[in-house]
Structures are given as structure tokens and as C-alpha cells.
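Worksheet: the structure to be examined is printed underneath.
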Amino acid sequence: MAESGRRQLVGVVLPSKMDKTAVVQVTRRFAHPIYKKFVSKNKKYYADDPANVAQTGDTVKIIEARQLSKLKRWRLVEVTKKAESLK
């Protein structure tokens, strides 16, 4: 499902009580412009998940989409890694 011109991001699903929406935290690492140390920044994205397949802790791939609601502008493409259960 490689659509040209659309950004794809990989992140971890955060807990949320919304139906058909997954909150995905994407971490990006970059070198600080002055100090050259690596810095991590996190950003949350609201992704459309119509089948409710994403669970808390899953690693997922999301893709840019048209605006679906006030905050949703991303669509869930696939769950790349399921979360490990606490047993």
C-alpha cells in the first residue's frame, strides 16, 4: 500500500478510551544543533482505526490521510508488532 507523496510514520499505541481511534506516539531522535548530543522528541498522532485492531503497546504504521475529524489526520495501515502480554 505504497501511496506516493504521503508520509508514513511508525510509533507505539498509547492507552485511550476512544472508539475507532488509536493514539500513536512517534519518537524521533536528532542531533542537537549546537551541542551535537542526541535528543528524543515525542509527538502524539490520532489515527483512524475503523476495525479497532490496535491495542495499547502495539507498534503500528500510520499514513497521512484527509482530515477525518477535528484532530484525526492519519490512518492506521498495519500493526507491525503486537504488544507483549503481562503474564
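The values are calculated or read from the model by the stated rules, or taken from the named source; none is laboratory data. Quick caveat: nothing in here was measured; it's all calculated off a predicted structure. Please note: Cβ atoms are built from the backbone with ideal geometry, for glycine as well, and neighbour counts cover all protein chains shown. Heavy atoms of the whole protein, side chains included, go into the accessibility calculation; ligands, DNA and RNA do not. Shrake-Rupley method; radii C 1.70, N 1.55, O 1.52, S 1.80 Å.
Find the residue count for segment 32-56, including only residues that are over 15 Å from L14 (Cβ atoms) and touching a Phe, Trp or Tyr at 6+ places or on another chain (Cβ under 8 Å).
Total meeting the criteria: 5.
Which residue pairs have Cβ atoms closer than 8 Å, lie 6 or more positions apart in sequence or on different chains, and pair a first residue in segment 12-24 that is of a type in the set (G, A, S) with a second residue that is open to solvent by 50 Å² or more (accessible area, probe 1.4 Å) and not in a loop (DSSP other than H, G, I, E, B)?
A22/Y46
Of everything in segment 1-33, what is over 22 Å from S69 (Cβ atoms) and modelled with pLDDT of 95 or more? Give them in sequence order.
V10, T27, R28, R29, F30, A31, H32, P33
For segment 44-56, indicate whether the set of residues that are in contact (Cβ under 8 Å) with a residue 40 or more places away in the chain, out of contact with any Gly (no Cβ under 8 Å at 6 or more places or on another chain) and hydrophobic (A, V, I, L, M, F, W, C) is non-empty.
yes
For segment 70-81, which residues satisfy the criterion of being farther than 16 Å from R7 by Cα and in contact with a Ser or Thr (Cβ under 8 Å, 6 or more places away or on another chain)?
V79, T80, K81
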